[in-house]
1. So what J values fall out for the range 22-36 if you push phi through Karplus, 6.51 cos²θ - 1.76 cosθ + 1.60 with θ = phi - 60°, rounded to Hz, Gly and Pro as x?
2. Just one of (i) 47, 32, 23; (ii) 57, 36, 30; (iii) 42, 39, 31 is Cα extents along the principal axes in Å calculated from these coordinates, so which is it?
3. Trypsin sites (Lys or Arg not before Pro) within the range 58-114: which are DSSP loop residues with at most 13 other Cβ atoms inside 10 Å?
4. In terms of modelled amide H atoms, which long-range or inter-chain residues lie less than 5 Å from the amide H of Lys41?
5. In the range 70-174, which GluC sites (Glu not before Pro) fall in coil by DSSP and have 15 or fewer other Cβ atoms within 10 Å?
6. By how many degrees, 0 to 90 and rounded to 10, does the Cα axis of helix 161-173 deviate from the longest principal axis of the chain?
7. Once label points are set 7 Å from the Cα along Cα→Cβ at both Gln97 and Ala149, what is their separation, rounded to one decimal in nm?
8. Restricting to the chain, compute how many DSSP beta bridges are antiparallel as a %, nearest 5.
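Computed from the coordinates by the stated procedures, all read-outs in this text should not be read as laboratory data. Since the model is a prediction, treat every value here as computed from it, not as a measurement. Using ideal geometry, Cβ is built from the backbone for each residue, glycine included, and neighbour counts are taken over all protein chains shown.
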Amino acid sequence: MITSPTPILGFAGFSGSGKTTLLEQLIPLLKQHNLQIGLLKHSHHDIDPDTPGKDSYRLRHAGCSQTLLATKSRHMLYFEYPQAERQDPELNHCLSQLNHDLLDLILIEGFRDQPFPKIEIHRPSYGKPLLYPTDNTILAFASDQPAPANCALPQLDLNNPQNICQFIIEWLAL
């Protein structure tokens, strides 16, 4: 079971469906409603936003299992996992690392197979399968085309982030 003291809402869809683009448009709209937004993005790619040769990079690679890089404008917390222990991140563990006292809503991109509330992002032209028929945690269907006739979910226009924002505001009010 996924647990979070802060409401969480996912955006589930296959790669290239437009999840990141939609979130990039939604976050400023949600902030206009005075919401403090957290974001958790799952990636299948290895990342390293640090710069080789910089002190933080050198110290991190010296062998720490956790490194917090703090500046006056932001901080980043790195967790290093030995090769033998590497596995896909666990959603509850990721959520526990956020400061929920400072957040009103956590948006999640990815973790599409996990059971938590989400909006399906679908582009029929990509030829990928639908998620909602086998996932009862999907709250709404967002697409650039009309939903299938048998879809009983609220239908959202992927090209209208203002309406999707309104759906989220109304969902949060419940």
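1. Rounded to whole hertz, the list is 5, 4, 4, 7, 6, 4, x, 5, 5, 5, 5, 9, 6, 8, 8.
2. (ii)
3. Listed in order of number, the matching sites are Lys72, Arg74, Arg86.
4. Under 5 Å from the amide H of Lys41 lie the amide H atoms of Glu109, each far enough along the sequence or on another chain.
5. Counting only loop positions with at most 15 other Cβ atoms within 10 Å, the GluC sites (Glu not before Pro) in the range 70-174 are Glu80, Glu90.
6. Roughly 80 degrees between the two axes.
7. Spacing of the two 7 Å Cα→Cβ label points: 4.7 nm.
8. Around 20 percent of the beta bridges assigned by DSSP in the chain are antiparallel ones.
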